[in-house]
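Throughout, read-outs are computed from the coordinates displayed, never taken from laboratory work. A quick note: this is a predicted structure, and the numbers were derived from the prediction, not measured. Quick reminder, even Gly has a Cβ in these numbers, built from the backbone with ideal geometry, and neighbours come from all protein chains shown.
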Amino acid sequence: MPKVTFVQFSGSSRTIDVPTGWTLMEAAVQNGVDGITAECGGGCACATCHVLVPAEWADKVPAIRPSENDLLECTAVPRTPQSRLSCQIQVSDALDGLTVNLPERQS
């Protein structure tokens with residue numbers, strides 16, 4: 001099972017075993033990770049599951065679709081080149097060891 005680490009804005013982190021096929025958002029919500037609000041429940045409709053994917057992982061996560069790209073303009077903190085919506089990143093074995101950073105706030 002792939003391990004993913006969520007790093008809070010404060011610097012604290014939590015590593016979770018994530019079932020293959022789940023999204024990062026599902027893993028965060030199911031495991032009580034603070035900082036992922038996920039108001040729309042993973043429907044790519046709210047931008048409250050914003051994460052920052054380090055550049056070294058950018059080519060390993062699924063490509064940004066137009067709907068995600070549009071919503072990233074609505075995040076509570078300014079979008080960066082590493083910005084992604086965690087509901088749109090499905091976990092695979094290739095993401096074992098992924099670390100994502102959480103923004104200061106989601107709304």
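Residues with amide H under 5 Å of VAL77's amide H, sequence separation 5 or more or different chain, H placed in the peptide plane at 1.01 Å from N; which?
Residues meeting the criterion, in which the H sits 1.01 Å from N, do not exist here.
I'm spelling it out carefully: the read-out is P(r) over Cα pairs in 10 Å bins from 0, in percent, the candidates are (1) 14, 42, 31, 12, 1; (2) 16, 55, 28, 0; (3) 16, 48, 27, 8, 1, and one was derived from this structure. Which label?
Structure-derived value, by its label: (2).
Which order do the peptides 89-100, 8-19 take when ranked by the mean count of other beta-carbon atoms within 10 Å per residue, highest first? Present the calculation step by step, with values, prior to reporting the outcome.
Numbers: 89-100: 17.6, 8-19: 13.2.
Sorting 89-100, 8-19 by mean packing, highest first, produces 89-100, 8-19.
Would you mind counting up the charge near SER83? Only other residues with Cβ under 15 Å from its Cβ, with Lys and Arg at +1 and Asp and Glu at -1.
Working: positive: ARG65, ARG79, ARG84, ARG105; negative: GLU68, ASP70, GLU73, GLU104.
Counting the neighbours of SER83, the net charge comes to 0.
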